[in-house]
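Only one structure is covered here, and it is reproduced in the block below.
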Amino acid sequence: MNIKPKCRHFNSCGGCSFQDVPYENQLEKKAEMLREAASSDKVSIIKSPEIFGFRNKMEYSFEGDNLGLHPRGKFSEVIDLKECPVFSDWVGGFLEKVREFARFYKIPFYKRREKKGILRYLILRESKFTGQKMVILVVDGDRFEYSSQWLEMVSENLSNVRSIVLARRHTTGDSAFTEDYDVLSGDERIEMKIGGMVFDLSPFSFFQPNSYQVENIYSLIERPLGDGMILDLFSGTGSISFFVSSSSREVRGIEACESCVRDALRNVEKINPPGKVEFLHSKVKPYIAALNERVDYVIIDPPRGGMSYRVWKHLKKIADKGTLKKIVYVCCSMKNLKTDLKYIRENTDWEIGNITGVDQFVHTPHLEAVTEISVPKNAG
């Protein structure tokens with residue numbers, strides 16, 4: 001891939017703060033972080049097959065006169081990026097075309113402190129194994145009057161664009177997520193591939209960011225699972241549920257994001273998994289609190305912010321009924337991993353087994369961890 005081995009902004013940008021560290025040394029630092037978080041020396045790490053061009057999604061912010069990423073710890077400022085090696089080599093040129101477009105039509109960039117401006121976020125998705133691209137422009141409210149010109153500019157400057165989306169934010173919070181969007185051109189969804197499966201993803205649905213590590217993560221999740229009922233908590237678009245599905249398993253995904261559930265249900269029809277796979281639109285905590293059915297295995301993959309300890313308390317009640325065999329816990333925050341494993345050690349008789357780090361976030365201090373937790377047969 002024709003990209004530079006280092007972004008010129010790495011010392012100031014919050015995106016890649018480890019980029020001045022050789023990759024093998026990054027892995028050593030992350031192994032040390034994982035051992036500290038897990039309170040165990042029995043950990044291992046799977047390195048990323050690609051250290052550049054691996055991300056399938058990037059979210060860039062407009063601020064003042066700049067388009068790029070926030071500096072570390074300064075969310076009202078943005079570094080004006082000219083390149084993004086962790087994503088793709090075409091990004092720098094396209095970002096400049098976006099700046100030129102805004103200057104030509106005199107469209108103001110958003111200013112967070114003043115809560116003024118029109119252009120707020122630019123989200124780019126690229127399916128690494130199909131080559132499809134999705135371009136999402138997030139604007140402030142309903143004041144964007146250049147949809148046809150924007151469509152023309154994107155179409156002229158990017159190839160293999162499957163979807164061009166205009167999204168609108170009506171609140172001032174610093175988040176790009178919104179359900180208010182229109183597809184200006186192409187399909188509403190982009191296709192992402194895992195092994196032999198192809199998933200449809202809508203503009204704001206979550207997908208693991210490192211395309212070359214997804215199968216490694218999901219294989220770790222699937223490995224300790226046997227036959228029976230599997231509960232997939234925080235199931236997102238259902239990719240884990242589909243990956244672990246087999247003719248002898250029943251998988252139920254629980255997800256609070258409505259658009260993610262819509263994608264998951266659409267993918268049930270598209271993929272036609274071998275086992276019984278279903279998805280419910282619900283917050284995890286109340287669902288677990290009310291659950292009275294038999295469960296053999298639980299997969300937990302919460303968002304970065306983590307989950308309430310009450311979920312663990314309700315899972316313990318399920319385990320005390322005597323059917324639960326294993327929990328596979330996926331965590332992308334070392335702080336949350338440390339807190340949750342401490343809670344498990346102090347409040348249950350569960351056995352914490354293999355803890356494997358998967359380096360999804362090369363050149364950053366972040367790490368995904370997959371932990372196997374066994375529930376003794378005499379639980380309850």
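The values are calculated or read from the model by the stated rules, or taken from the named source; none is laboratory data. Computed from a predicted structure; not experimentally measured. Note: ideal-geometry Cβ built from the backbone for every residue, glycine included; neighbour counts use all protein chains shown.
General observations
- Residues that are small (Gly, Ala, Ser) and surrounded by fewer than 15 Cβ atoms within 10 Å (Cβ to Cβ) were ranked within region 88-133; the one that is nearest to the chain's Cα centre (by Cα) is GLY131.
- Flag if LYS193 is over 20 Å from ASP80 (Cα atoms), under 20 Å from the mean Cα position of the chain (by Cα), touching a residue at least 60 places away in the same chain (Cβ under 8 Å) and not in a strand (DSSP E or B): no
- Any hit, region 218-236, residues being outside the structural domain of ARG120 (by TED's automatic domain parsing), closer than 24 Å to MET307 by Cα, in a loop (DSSP other than H, G, I, E, B) and of a type in the set (Ser, Thr, Tyr): yes
- Number of the condition not met by VAL161 [criteria: (1) buried (at least 16 other Cβ atoms within 10 Å of the Cβ); (2) out of contact with any Lys or Arg (no Cβ under 8 Å at 6 or more places or on another chain)]: (2)
- Region 65-87: number of residues that are out of contact with any helix residue (DSSP H, G or I) (no Cβ under 8 Å at 6 or more places or on another chain), buried (at least 19 other Cβ atoms within 10 Å of the Cβ) and in a strand (DSSP E or B): 2
- Test result for VAL370, surrounded by 19 or more Cβ atoms within 10 Å (Cβ to Cβ), of a type in the set (A, V, I, L, M) and outside any strand (DSSP E or B): no
- Near pairs, Cβ below 7 angstrom, 6+ apart or cross-chain, from region 353-364 (under 14 Å from MET33 (Cα atoms) and polar (S, T, N, Q)) to any residue that is modelled with pLDDT under 95 and assigned to a loop (DSSP other than H, G, I, E, B): THR364/CYS16; THR364/SER17; THR364/PHE18
- Residue match in region 238-259 (condition: closer than 20 Å to ARG55 by Cα, in a loop (DSSP other than H, G, I, E, B) and not assigned by TED's automatic domain parsing to the domain that holds GLU114): yes
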